[in-house]
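**Student:** Could you have a look at this structure, given as structure tokens, before my questions?
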Amino acid sequence: MEPALKINNLQVSYYTDAGRARALDGVNLTLNPGEKLGLVGESGSGKSTMALAMMRMIKPPGRIEGGEVIIGDVNLTTLSEEDMLKARLSRIAYIPQGAMNSLNPVTRIGAQMVDAIKAHDTGMSKKEIIEKSMESLESVDLKREVFKMYPHELSGGMKQRVCIAIGILLEPQVIVADEPTSALDVITQRQVMETIDKVQDKLGAAIILIGHDMGLMAQFVDRVAVMYTGRLMEVSSVKDMFTRPKHPYAVDLIHSLPNLENKGVFKGIPGVAPALLRLPSGCSFHPRCSQAIEICQKDTPPYQEIEDNRFAACHLFQEKA
Ligand SMILES: Nc1ncnc2c1ncn2[C@@H]1O[C@H](COP(=O)(O)OP(=O)(O)OP(=O)(O)O)[C@@H](O)[C@H]1O
Ligand SMILES: [Mg+2]
């Protein structure tokens, strides 16, 4: 099967007065059509940076320093600005963090959808564009009437659905949703996740769901990617990640989840994530790692396949024979 998405050695730095922060440090990832991947990691680990880099939407002082993003047979990295503009929404859709709060408050939902399509000169007539927008609303379980409404007339969950509806207007092969359910109550979170599930099924798109809530994510994704200081530490199937995580950071993350044994108490991971400007030598996690060995202070572990379909960057695991 041809992968829907291939990310090779993607690198992003932010150049600040205090120095260069490598926010994305060589990320590699392959997603199949229809696959759902959850991207988790502490605040500041680089999740949104990865999404923005895939869209080529990194703004100064940030810069994409290398790597490629390939969707189907199109290498986004080498597209002209104009072609990249077309690729956004038609090949890859990004539902930004806090999207529902960035809907224009004085413009009707329908007009915002029509504008999104118009920006892409699809050759559709006005009537077709309106019909397409209404269908898109229906596919996220909103009524056609929402087309005529203003954002303030909608609940948080409905606004988030509108953002999803805008994201899927041009039937992209890859959808990246950045914390689509944060700031929503538990019930609404589930409903929004179910909606994402449904539209994804319909489109057969690959999806990257960015989030903090491992528990919620576990119910919806096929694989989980754990990010730390701009690097993927482990990528495994949900089952493997939850039943036998390999990377010590992934182990800590899973064990810090509230469960019945610890009576729902959040344990946390000792220590704090290091600032990107002052990353520890070797493996950036070594100062917090309970299993660190000598080499961890010196050499950055390569990210490699350690078992069938499991990837990790850790000196404790050798490349599969
Ligand atoms: N505009 C910017 N200028 C300088 N540094 C930035 C900028 N944007 C992000 N960074 C740095 O890049 C790193 C990654 O940020 P990013 O927003 O990708 O993290 P995140 O994983 O999405 O966090 P959160 O869970 O809080 O959304 C952070 O350490 C941050 O300090
Ligand atoms: Mg973010």
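**Student:** Pick from F311, F285: which is at pLDDT 95 or above, aromatic (F, W, Y) and under 21 Å from N8 (Cβ atoms)?
**Tutor:** F311
**Student:** Name, by its number, the condition in (1) part of a loop (DSSP other than H, G, I, E, B); (2) modelled with pLDDT of 95 or more that does not hold for M233.
**Tutor:** For M233, the exception is condition (1).
**Student:** Among V238, V192, which is the only one that is surrounded by 17 or more Cβ atoms within 10 Å (Cβ to Cβ) and touching a residue at least 60 places away in the same chain (Cβ under 8 Å)?
**Tutor:** V238
**Student:** List every residue pair whose Cβ atoms lie under 6 Å apart, where the two residues are 6 or more positions apart in sequence or sit on different chains, the first residue falls within the range 210-223 and is assigned to a helix (DSSP H, G or I), and the second residue, located anywhere, is modelled with pLDDT under 85.
**Tutor:** Matching pairs, first to second residue: M214/L257.
**Student:** Here is a check on your reading of the model: is M149 within 16 Å of ligand 2 (Cβ to nearest atom) and either touching a residue at least 24 places away in the same chain (Cβ under 8 Å) or surrounded by fewer than 24 Cβ atoms within 10 Å (Cβ to Cβ) (or both)?
**Tutor:** Taking the combined requirement at face value, the residue does not satisfy it.
**Student:** Which residues, counting only those in the range 43-71, are away from ligand 1 (no atom under 11 Å from the Cβ), under 14 Å from D25 (Cα atoms) and touching a Lys or Arg at 6+ places or on another chain (Cβ under 9 Å)?
**Tutor:** Correct list: I64, E65, E68.
**Student:** Then there is this: If I filter the range 181-189 for residues that are touching a Leu at 6+ places or on another chain (Cβ under 8 Å), crowded, with 21+ Cβ neighbours inside 10 Å and outside any helix (DSSP H, G or I), do I get at least one hit?
**Tutor:** Within the range 181-189 (the criterion being touching a Leu at 6+ places or on another chain (Cβ under 8 Å), crowded, with 21+ Cβ neighbours inside 10 Å and outside any helix (DSSP H, G or I)), the answer is yes, since at least one residue qualifies.
**Student:** Now for a different question. Would you check if D201 is modelled with pLDDT of 90 or more, farther than 26 Å from D308 by Cα and of a type in the set (D, E)?
**Tutor:** Against the criterion (modelled with pLDDT of 90 or more, farther than 26 Å from D308 by Cα and of a type in the set (D, E)), D201 does not qualify.
**Student:** Across the range 194-209, which residue is nearest to ligand 1 (Cβ to nearest atom) among those that are under 15 Å from L89 (Cα atoms) and in a helix (DSSP H, G or I)?
**Tutor:** Ranking the candidates gives Q200 first.
**Student:** Then there is this: Is it the case, given these coordinates, that I70 is more than 16 Å from ligand 2 (Cβ to nearest atom), in contact with a Pro (Cβ under 9 Å, 6 or more places away or on another chain) and at pLDDT 95 or above?
**Tutor:** Yes: the conditions hold for I70.
**Student:** Scan the range 166-185 and give yes if some residue there is over 12 Å from V114 (Cα atoms), more than 18 Å from the chain's Cα centre (by Cα) and polar (S, T, N, Q), otherwise no.
**Tutor:** The answer is no, given that none of the residues of the range 166-185 is over 12 Å from V114 (Cα atoms), more than 18 Å from the chain's Cα centre (by Cα) and polar (S, T, N, Q).
**Student:** Separate question: Is it the case that some residue within the range 149-170 is part of a helix (DSSP H, G or I), touching a Gly at 6+ places or on another chain (Cβ under 9 Å) and closer than 30 Å to V40 by Cβ?
**Tutor:** Scanning the range 149-170 turns up no residue that is part of a helix (DSSP H, G or I), touching a Gly at 6+ places or on another chain (Cβ under 9 Å) and closer than 30 Å to V40 by Cβ.
The values are calculated or read from the model by the stated rules, or taken from the named source; none is laboratory data. Owing to the predicted nature of the structure, the values given are computational and were not obtained by experimental measurement. Every residue, glycine among them, receives a Cβ derived from its backbone with ideal geometry; neighbour counts consider all protein chains shown.
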